[in-house]
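**Q** Structure provided below as structure tokens; questions to follow.
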Amino acid sequence: MTPPPHSAAVTGSGTPGGDARRRSGLVTLGMVGTLALALSGCSSSGGSNPPSRCVDPSTLKVLDTHSCTSGGATAGRWYY
């Protein structure tokens, strides 16, 4: 009696054949594409300017916006 044939192609070394590798590559490619779409959908679209804060450069304390726009010796700096 001979054993029934296997449905998957197997080489003599017991590793999957080319069809299984091709399918695995397609699954990986599909997952990478899905991940790329998901991450690009999570990007911020609130505007073209990144969030910023007016900060005193010596103490790194957050100041009001007027301190950065007025200039002068005690002027803060914008940190993004």
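**Q** Which one of the conditions (1) under 30 Å from Gly76 (Cα atoms); (2) at pLDDT 60 or above; (3) exposed (fewer than 10 other Cβ atoms within 10 Å of the Cβ) does Cys42 fail to meet, given that it meets all the rest?
**A** With respect to (1) under 30 Å from Gly76 (Cα atoms); (2) at pLDDT 60 or above; (3) exposed (fewer than 10 other Cβ atoms within 10 Å of the Cβ), Cys42 is out only on (1).
**Q** Looking only at segment 1-39, filter to residues that are of a type in the set (Val, Ile, Thr) and outside any helix (DSSP H, G or I); which one of those is modelled with the highest pLDDT?
**A** The extreme case among them is Thr2.
**Q** Does segment 50-70 hold any residues that are touching a strand residue (DSSP E or B) at 6+ places or on another chain (Cβ under 6 Å) and open to solvent by 60 Å² or more (accessible area, probe 1.4 Å), and which are they?
**A** Arg53, Val62, Thr65
**Q** Checking Gly47 against (1) open to solvent by 80 Å² or more (accessible area, probe 1.4 Å); (2) at pLDDT below 65: exactly one of these is not met. Which one?
**A** (1)
The values are calculated or read from the model by the stated rules, or taken from the named source; none is laboratory data. The shown structure was predicted, so the numbers you read here are calculated from the model rather than taken from an experiment. Every residue, glycine as well, gets a Cβ built from its backbone with ideal geometry; the counts of neighbours run over all protein chains shown. With ligands, DNA and RNA removed, areas are computed over all heavy atoms of the protein, side chains included. Shrake-Rupley method; radii C 1.70, N 1.55, O 1.52, S 1.80 Å.
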